[in-house]
Amino acid sequence: MDDPEALRPWLRLIRTPGLGSTGARRLLDSGIGPTDLSRLPARRPEELGLSPEAYRYLEAGSRPEVESDLEWLTGSDERHLITLTDCRYPPRLKQIADPPLALFVQGDCRLLSDPQLAVVGSRNPSPDGIYNGQEMARELTRAGLTVTSGLALGVDTQAHRGALAAPGPTLAVLGTGPDLVYPASNRDLAHEIAHSGALVSEFPPGTAPKRDHFPRRNRVIAGLCLGVLVVEATVRSGSLITARLAAEQGREVFAIPGSIHNPLARGCHALIRQGAKLVESAQDVLAELAPQLGALLRAEPAEAAVETPPEALDRDYRLLMEHLGFDPQPMDVLIARTGLGPESLASMLLLLELQGHVSSFPGGRYCRTPRP
């Protein structure tokens, strides 16, 4: 459990009216940290870039709402406040222009720094959009990525369900406080995510959904991830905001094309015209991200990156390893031996190659990597 006394001053900063993450960072840059708020009287509000209201709030000490936040945080070992100066704060999110001052997390906070891909799309998807959202998330999760989305109806919901069905963890970034679920119909899904992955919010407990919260949520989704995959979207979809923010943050943007007669495909087509990568399978995403994934894996200790024993892999991965010899074999032979589909097999081979279990050869052939 996080130290309550260390959390209280941060909660005061988060709750300060009109301050926001930008104002809080300005205060931190001035040399006044959360534990140094007692030094405020020595500086005038205008010197610190604070409004009189914000100054009075910070000067007054603890507040009932801060104690309520603290009560929520200390109510479970699975609840955390990850502040901007915390070593657990996700490095990719810290790189964006306006990172949140802190993140409220319910679940496994270690997932925040895992390689992630956002899967987003329409709240009213077509049957194809429902299928693609769930299947893409399932395949990407099985390939080793953590799927992140916004817990909204439609594609977001299917992305979370696909990741959980893989089975694997998933991150849901909320436009409410961490104690509220919006929409309410996703309450059971949110509980499952909190148990198997994590719910994440920059808004304190009790914060109700508001229209302007969701673009802020979208910037966090984009900031956490290596890229964003848009499954279906109209030209006015909020998913395009997430894609635009991802592009501005230097992340990859992917889009699934659809029928020219489907209005839900027009947003994806617009993204592709603007330079988004056209995606037909999870393998397209994995191939594009392979250099980044390889760098992330190489940045870990060698034992963690390449020495995962085959017996620790899931059933399908073990099946594949059992049918891989030390002589290179083409894909069609591996498909016939394992009974796995070509897309699943390609994703699995890529991840195993990145982990050092498999070597690839010209002509699309693969074999086990000999160990010294």
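We did not get these values from a lab; they are worked out from the coordinates using the rules stated. All values derive from a computational prediction rather than experimental measurement. Here Cβ is always computed from backbone atoms with ideal geometry, including for glycine, and neighbour counts include all displayed protein chains.
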Using the beta-carbon distance between Arg15 and Ala165 and R0 = 35 Å, what value does 1/(1 + (r/R0)^6) give for FRET efficiency, to the nearest 0.05?
0.40
Arranged from highest to lowest average of other beta-carbon atoms within 10 Å per residue, in what order do the peptides 107-117, 128-138 appear?
128-138, 107-117
Between Arg123 and Glu71, how many nm apart are label points set 7 Å from Cα along the C-beta direction?
3.2
Take the Cα radius of gyration of region 109-286 and divide it by 2.2 N^0.38 Å, with N its residue count; two decimals is plenty.
0.92
222 nm [θ] for the chain, helices only, -39500 (n - 2.57) per DSSP H run of 4+, per residue, to 500?
-13500 deg cm²/dmol
Can you give me the distance in nm between label points at Val235 and Arg63, each placed 7 Å from the Cα along the Cα-to-Cβ direction?
4.3
What's the extension gain from Gln274 to Glu248 if we count 0.36 nm per residue and subtract their Cα-Cα distance?
8.1 nm
Using Cβ contacts closer than 10 Å as the measure, can you line up Val105, Val147 from fewest to most?
Val105, Val147
Tell me the relative contact order for the chain as a rounded percent, counting alpha carbon contacts under 8 Å between residues six or more apart.
12
Relative to the longest principal axis of the C-alpha atoms of the chain, give the angle of the C-alpha long axis of helix 127-142, reported between 0 and 90° and rounded to the nearest 10°.
90
Compute the helix-to-body angle for 342-354: its Cα long axis versus the longest principal axis of the chain, expressed 0 to 90° and rounded to tens.
70
From Cα pairs below 8 angstrom and at least 6 apart in sequence, can you work out the relative contact order of region 61-127, rounded to a whole percent?
30
Report the FRET efficiency, 1/(1 + (r/R0)^6), for Glu343 and His195, where r is their Cβ-Cβ distance and R0 is 22 Å, rounded to 0.05.
0.15
Tell me, His269, His80, His191 in order of fewest to most beta-carbon neighbours within 10 Å?
His191, His269, His80
In a Gaussian network model over the chain where Cα atoms closer than 10 Å are linked, find which of Glu139, Glu343, Glu192 has the largest mean-square fluctuation.
Glu343
With 10 angstrom as the radius, rank Thr242, Thr22 by how many other C-beta atoms surround their C-beta, starting from the fewest.
Thr22, Thr242
What order, most packed first, do the peptides 202-209, 160-167 have when packing is the mean number of other Cβ atoms within 10 Å of each residue?
160-167, 202-209
Considering the dipole of the chain built from charges on the beta carbon (Lys and Arg +1, Asp and Glu -1) around the Cα centre, which of Ile82, Pro17, Val173 is farthest to its positive end?
Pro17
Assuming R0 = 45 Å, can you tell me the calculated FRET efficiency for the pair Ala290 and Ser51, based on Cβ-Cβ distance, to the nearest 0.05?
0.40
